[in-house]
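Participant: Please read through the structure below; I'll follow up with questions.
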Amino acid sequence: MKFIKYIIAGTFFGIIMTKSEAVSWYRIQEMFRFQSFHMYGIIGTAVLLGVIAVYSIKKFKIKDIAGNPIVFLNKDKAYRKYLIGGAIFGLGWALTGACPGPMFVNLGSGYAGMAVVILGALLGTYLYGVAKNKLPH
Amino acid sequence: MIDFIKQPWPWYFSGTMIAMIMLILLFFGKSFGFSSNLRTMCSLAGAGKRVKFFDFRWKDQIWNLMFLLGSVLGGFIATNFLNEPAPLQLSAATIADLKQLGVKFDGGLNPSDLFSLEAMKDFKTLVILLFGGLLVGFGSRYAGGCTSGHAISGLSNLQIPSLIAVIGFFIGGLIMTFLLMPFIF
């Protein structure tokens, strides 16, 4: 039962992503073609509020529901893995119109093709695990 | 209330709600990052026996798999119960560009020509989807995160690495959109 709150949070996430149309292949194309403010508005608002929230949590040392301090881990200092990995991700994002979250949300919406995208994503993740030590990071 | 939920949400409301999801997970003592689930699923399938990268304490990630399960449910609920039949308000310029590319705008969230069960009979479509998914999976693990982990969580915490990753997302996305898609479709 301790997992039910995550299922509920995930359900909200799925509804939000669908109603915001951020799961839309068309909207992602529109974004990469700079033909609408919609996606930039969504991400921009989320980041702006996120920055304020994270800053406040740190400043006021706000604790989580279990009473533990909320900690933020810094990402490793590197640039190649973020730039190369990010670009590979971007190629797939534009082609399928789906990042990992939306793949599953869209599957719930009944788009059968997303099962193929998910299969590909699992395969890609596996291949990364295999090739990890041979790649520049 | 229900009428408000049923119409497509404006960007400022959507963005606010996504920030709320990140905050809720922080208050649960977790962090918002969806693509980690792909690694966990590989581990669950037994990949840890062959590849060290998948040999980790995946049980700590069960909460995230539950979040994933919820997201599938959320998509189902939104599409079946919180939907209006009105077509997506896609910009006319995008509709025209996609038409030139050979992808018809059908008013839905995603083109049925690419994602419907019927479309799976086309071998080329299957290859496009599989290969596209592969790039997303490989790239997100290589970059250590996807849109949620880097663009939302990372940028909110003012992480320069996340900014580099997001720039990478756009480099890849623009190359695909303007240079490769005309040849693929």
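The values are calculated or read from the model by the stated rules, or taken from the named source; none is laboratory data. Since the model is a prediction, treat every value here as computed from it, not as a measurement. Cβ: placed from backbone, ideal geometry, glycine included. Neighbour counts: every protein chain shown.
Participant: Return a yes/no flag: does the range A:28-36 have any residue that is among the hydrophobic types (A, V, I, L, M, F, W, C), over 27 Å from B:Leu69 (Cα atoms) and more than 7 Å from every other protein chain (Cβ to nearest Cβ). Before the answer, list the steps.
Facilitator: Step one: filter the range A:28-36 for residues among the hydrophobic types (A, V, I, L, M, F, W, C), giving A:28, A:31-32, A:34.
Next, from what is left, pick out any that are over 27 Å from B:Leu69 (Cα atoms): A:31-32, A:34.
Going one step further and asking which of them are more than 7 Å from every other protein chain (Cβ to nearest Cβ), we end up with A:31, A:34.
Yes, because at least one residue in the range A:28-36 is among the hydrophobic types (A, V, I, L, M, F, W, C), over 27 Å from B:Leu69 (Cα atoms) and more than 7 Å from every other protein chain (Cβ to nearest Cβ).
Participant: Consider B:Phe105 carefully, then state whether it is at the interface with another protein chain (Cβ under 7 Å from one of its Cβ atoms), over 21 Å from A:Val51 (Cβ atoms) and crowded, with 16+ Cβ neighbours inside 10 Å.
Facilitator: It is true that B:Phe105 is at the interface with another protein chain (Cβ under 7 Å from one of its Cβ atoms), over 21 Å from A:Val51 (Cβ atoms) and crowded, with 16+ Cβ neighbours inside 10 Å.
Participant: Being farther than 24 Å from B:Gly132 by Cβ, of a type in the set (D, E, K, R) and touching a Leu at 6+ places or on another chain (Cβ under 9 Å), is that true of even one residue in the range A:28-45? Lay out the reasoning, then the answer.
Facilitator: Step one: filter the range A:28-45 for residues farther than 24 Å from B:Gly132 by Cβ, giving A:37, A:41, A:44-45.
Then keep just the ones that are of a type in the set (D, E, K, R); that gives none.
Within the range A:28-45 (the criterion being farther than 24 Å from B:Gly132 by Cβ, of a type in the set (D, E, K, R) and touching a Leu at 6+ places or on another chain (Cβ under 9 Å)), the answer is no, since none of the residues qualifies.
Participant: Consider B:Asn83 against the criteria (1) under 20 Å from A:Ile42 (Cα atoms); (2) of a type outside the set (Lys, Arg); (3) modelled with pLDDT of 95 or more; (4) surrounded by 16 or more Cβ atoms within 10 Å (Cβ to Cβ): it satisfies all of them except one. Which criterion is unmet?
Facilitator: So the condition that B:Asn83 fails would be (3).
Participant: Quick check on my filter: what residues within the range A:1-31 are of a type in the set (Phe, Trp, Tyr) and either part of a helix (DSSP H, G or I) or under 16 Å from the mean Cα position of the chain (by Cα) (or both)? Break it down into steps so the answer makes sense when it comes.
Facilitator: As a first pass, look at the range A:1-31 and keep what is of a type in the set (Phe, Trp, Tyr): A:3, A:6, A:12-13, A:25-26.
Once the filter is applied, which keeps residues that are of a type in the set (Phe, Trp, Tyr) and either part of a helix (DSSP H, G or I) or under 16 Å from the mean Cα position of the chain (by Cα) (or both), the range A:1-31 yields A:Tyr6, A:Phe12, A:Phe13, A:Trp25, A:Tyr26.
Participant: Here's a follow-up. Can you tell me which residues in the range A:53-66 are under 13 Å from B:Leu26 (Cβ atoms) and part of a helix (DSSP H, G or I)?
Facilitator: If the condition is that a residue be under 13 Å from B:Leu26 (Cβ atoms) and part of a helix (DSSP H, G or I), then A:Ala53, A:Val54, A:Tyr55, A:Ser56, A:Ile57, A:Lys58 are the ones that fit.
Participant: Which one of these is over 18 Å from the mean Cα position of the chain (by Cα), basic (Lys, Arg), buried (at least 16 other Cβ atoms within 10 Å of the Cβ) and closer than 30 Å to A:Lys63 by Cβ: B:Lys30, B:Lys59? If you could, list the steps in order and put the result at the bottom.
Facilitator: Values: B:Lys59 fails: buried (at least 16 other Cβ atoms within 10 Å of the Cβ).
Answer to the check: B:Lys30.
Participant: Is one or more of the residues making up the range B:70-84 more than 30 Å from A:Phe12 (Cβ to Cβ) and free of Cβ contacts under 8 Å to residues at least 12 places away in the same chain? Can you show your working first?
Facilitator: Going through the range B:70-84, the residues more than 30 Å from A:Phe12 (Cβ to Cβ) turn out to be none.
Within the range B:70-84 (the criterion being more than 30 Å from A:Phe12 (Cβ to Cβ) and free of Cβ contacts under 8 Å to residues at least 12 places away in the same chain), the answer is no, since none of the residues qualifies.
Participant: Which count do you get for residues in the range B:35-49 that are farther than 11 Å from B:Leu65 by Cβ and among the aliphatic types (A, V, I, L, M)?
Facilitator: The qualifying residues number 2.
Participant: So, one more: Of the residues that sit in the range A:67-102 and are more than 7 Å from chain B (Cβ to nearest Cβ) and not in a loop (DSSP other than H, G, I, E, B), which one is nearest to the chain's Cα centre (by Cα)?
Facilitator: Ranking the candidates gives A:Pro102 first.
Participant: For B:Leu38, all conditions in the list (1) over 22 Å from B:Ser156 (Cα atoms); (2) more than 7 Å from chain A (Cβ to nearest Cβ); (3) at pLDDT 95 or above hold save one; what is the number of the exception?
Facilitator: Answer for B:Leu38: the failing condition is (2).
Participant: Sort through B:Phe178, B:Phe183, B:Phe138 and tell me the only one that's surrounded by fewer than 22 Cβ atoms within 10 Å (Cβ to Cβ) and either among the hydroxyl-bearing types (Ser, Thr, Tyr) or in contact with a helix residue (DSSP H, G or I) (Cβ under 9 Å, 6 or more places away or on another chain) (or both).
Facilitator: Numbers: B:Phe183 fails: either among the hydroxyl-bearing types (Ser, Thr, Tyr) or in contact with a helix residue (DSSP H, G or I) (Cβ under 9 Å, 6 or more places away or on another chain) (or both); B:Phe138 fails: surrounded by fewer than 22 Cβ atoms within 10 Å (Cβ to Cβ).
Among B:Phe178, B:Phe183, B:Phe138, only B:Phe178 is surrounded by fewer than 22 Cβ atoms within 10 Å (Cβ to Cβ) and either among the hydroxyl-bearing types (Ser, Thr, Tyr) or in contact with a helix residue (DSSP H, G or I) (Cβ under 9 Å, 6 or more places away or on another chain) (or both).
Participant: Return a yes/no flag: does the range B:49-56 have any residue that is more than 8 Å from chain A (Cβ to nearest Cβ) and under 17 Å from the mean Cα position of the chain (by Cα).
Facilitator: no
Participant: With the checklist (1) more than 26 Å from A:Ala112 (Cβ to Cβ); (2) at the interface with chain A (Cβ under 7 Å from one of its Cβ atoms); (3) surrounded by fewer than 20 Cβ atoms within 10 Å (Cβ to Cβ) in hand, flag the one item B:Ser162 doesn't pass.
Facilitator: (3)
Participant: For A:Phe34, state whether it is over 15 Å from the mean Cα position of the chain (by Cα), surrounded by fewer than 18 Cβ atoms within 10 Å (Cβ to Cβ) and at positive phi.
Facilitator: Working: over 15 Å from the mean Cα position of the chain (by Cα): yes; surrounded by fewer than 18 Cβ atoms within 10 Å (Cβ to Cβ): yes; at positive phi: yes.
Yes.
Participant: Test B:Asp122 against the criterion of being among the charged types (D, E, K, R), closer than 18 Å to A:Gly120 by Cβ and at pLDDT 95 or above, and give yes or no. Don't jump to the end; show me each part of the working.
Facilitator: Numbers: among the charged types (D, E, K, R): yes; closer than 18 Å to A:Gly120 by Cβ: yes; at pLDDT 95 or above: yes.
Considered against the rule, which asks whether it is among the charged types (D, E, K, R), closer than 18 Å to A:Gly120 by Cβ and at pLDDT 95 or above, B:Asp122 comes out as yes.
Participant: Here's a check for you: in the range A:51-66, which residue that is surrounded by fewer than 10 Cβ atoms within 10 Å (Cβ to Cβ) and more than 7 Å from chain B (Cβ to nearest Cβ) is nearest to B:Ala151 (Cα to Cα)?
Facilitator: A:Lys59
Participant: Here are B:Asn110, B:Asn83: which of them is facing chain A (nearest Cβ under 7 Å) and outside any helix (DSSP H, G or I)?
Facilitator: That would be B:Asn110, the only listed residue that is facing chain A (nearest Cβ under 7 Å) and outside any helix (DSSP H, G or I).
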